[in-house]
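Colleague: I am attaching a structure below and will ask some questions about it afterwards.
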């Protein structure tokens, strides 16, 4: 499933959802890429200080990839970005 990510919190929620869909625990995902369970938990809670290397290791553990594309123009009813 494709999900739009506009904040660290939103990214954490998306990663948590993907992990749960795959039936994996935080500990199992962390173990597969040499991370502690508490690190996975912090990322899933939207920790804005997550290092890019850590994020890419987690994406790999969940068999996900990051895609960059031009932004879509927000609708007049959109809340906008949280940044």
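Colleague: Please go through the range 29-49 and pick out each residue that is surrounded by 14 or more Cβ atoms within 10 Å (Cβ to Cβ), over 15 Å from residue 16 (Cα atoms) and in contact with a helix residue (DSSP H, G or I) (Cβ under 8 Å, 6 or more places away or on another chain).
Modeller: Passing the criteria: 32, 33, 35.
Colleague: Any residue that is at pLDDT below 95, under 18 Å from residue 6 (Cβ atoms) and outside any helix (DSSP H, G or I) - is there at least one of those in the range 30-41?
Modeller: no
Colleague: Also: Could you grab the pairs with beta carbons closer than 8 Å, sequence gap of 6+ or different chains, first residue in the range 57-83 and on the phi > 0 side of the Ramachandran plot, second one at pLDDT below 95?
Modeller: Filtered contacts from the range 57-83: 80/74.
Colleague: Next up: Is it the case that the range 52-63 has a residue that's part of a loop (DSSP other than H, G, I, E, B), modelled with pLDDT of 95 or more, surrounded by 12 or more Cβ atoms within 10 Å (Cβ to Cβ) and under 13 Å from the mean Cα position of the chain (by Cα)?
Modeller: yes
The values are calculated or read from the model by the stated rules, or taken from the named source; none is laboratory data. Remember, it's a predicted structure, so these values are computed and weren't measured experimentally. Glycine also receives a Cβ, built like all others from the backbone with ideal geometry; neighbour counts cover every protein chain displayed.
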